[in-house]
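The values are calculated or read from the model by the stated rules, or taken from the named source; none is laboratory data. This one's a predicted model, so the numbers in the text were calculated from it and none came from an experiment. As a convention, Cβ positions derive from the backbone with ideal geometry for all residues, glycine included, and neighbour counts pool all protein chains shown. Note: areas computed on protein heavy atoms with side chains; ligands, DNA, RNA excluded. Shrake-Rupley method; radii C 1.70, N 1.55, O 1.52, S 1.80 Å.
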Amino acid sequence: MVIIMLGAQGTGKGTVAGIISENTELVQLSTGDIFRKNIKEETKLGIEANKYIAKGNLVPDDITVPMVVGYLDSDIAKNGVILDGFPRNLAQAEKLDKILEERGKKVDLVVNLTTPREEIIDRILTRRVCSNQQCKATYNLKMHPPIKEGICDKCGSKLIQREDDSNEEAIQKRLEIYENETAPLVEYYRKKGVLRTEEVSVKINRLGKQVAFDIIKDIKDK
Ligand code: ADP
Ligand code: ZN
């Protein structure tokens, strides 16, 4: 099974994907996390990718696509994946369809998370992530804070703010790129009949956690 998470920054894609993967056989594949791990370890890929990421730009497809294909073809992905952060533009989506088709697979479900604009910036600024690369848990200081301030509930490591989350200019740039390049994928997948749109908002009291458990239930009922 292949699930894709769509939605602007800060809508909770990582949180929803994380909960689904913890409760199913699917593994979460976050391109942002893979890049950040490589940046931390100062690999060649990381150094190259960071030139784009630090400014809030997309990493070029000729770096991103082969990296994703490598993961899709690896043993960890054999029971299915949730793609979190990929595809991010039409070219990546078309490539993905082709790659999956060659392997006798397809995109089974696209979860499109929407959040009112005014909540988004606030969510990004209050996002904190676990500094332990093996854990990568995500928190929100307002909506789901850690039990102990600054410390990850799951592994006890320090929580940090992502560099691109503390820079308001980079945030605006990322949201703009989302609107221009990623949002058209909503239509692309709607036409394919695999789109499931879910509003996540404190206003309607619907959080990512509930969305995730609704999806898990549907997966298991199938
Ligand atoms: P966010 O959704 O908050 O931007 P991510 O963790 O998904 O955060 O991605 C962080 C950065 O990594 C992005 O701003 C972009 O530069 C890069 N990135 C992640 N996924 C892709 C992708 N599929 N194609 C190109 N660049 C990507
Ligand atoms: Zn942790």
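Descriptive notes on the structure:
- The requirement of being touching a Lys or Arg at 6+ places or on another chain (Cβ under 9 Å), in a helix (DSSP H, G or I) and not acidic (Asp, Glu) is fulfilled somewhere in the range 82-102, by at least one residue.
- Taking residues in the range 152-173 that are in contact (Cβ under 8 Å) with a residue 60 or more places away in the chain, and partners anywhere that are away from ligand 2 (no atom under 16 Å from the Cβ) and among the hydrophobic types (A, V, I, L, M, F, W, C), the pairs with Cβ atoms closer than 7 Å and at least 6 places apart or on different chains are GLU163/ALA54; ASP164/ILE53; ASP164/ALA54; ASP164/ALA170; ILE171/ILE121; ILE171/ILE124.
Every residue, every condition in (1) within 14 Å of ligand 1 (Cβ to nearest atom); (2) touching a strand residue (DSSP E or B) at 6+ places or on another chain (Cβ under 6 Å); (3) more than 19 Å from PHE35 (Cα to Cα), yes or no:
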| site | (1), (2), (3) |
| --- | --- |
| GLY80 | no, no, yes |
| GLY85 | yes, yes, no |
| ALA91 | yes, no, yes |
| LYS98 | no, no, yes |
| VAL110 | no, yes, yes |
| MET143 | no, no, yes |
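- Tally of residues being within 16 Å of ligand 2 (Cβ to nearest atom) and surrounded by fewer than 20 Cβ atoms within 10 Å (Cβ to Cβ) across the range 22-39: 3
- The sole residue among ARG123, ARG128 that is open to solvent by less than 40 Å² (accessible area, probe 1.4 Å) and within 16 Å of ligand 1 (Cβ to nearest atom) is ARG123.
- Every residue from the range 146-166 that is more than 16 Å from ligand 1 (Cβ to nearest atom) and among the hydroxyl-bearing types (Ser, Thr, Tyr): SER157
- In the condition set (1) more than 16 Å from ligand 2 (Cβ to nearest atom); (2) open to solvent by 70 Å² or more (accessible area, probe 1.4 Å); (3) over 15 Å from the mean Cα position of the chain (by Cα); (4) not hydroxyl-bearing (Ser, Thr, Tyr), MET67 is compliant with all but (2).
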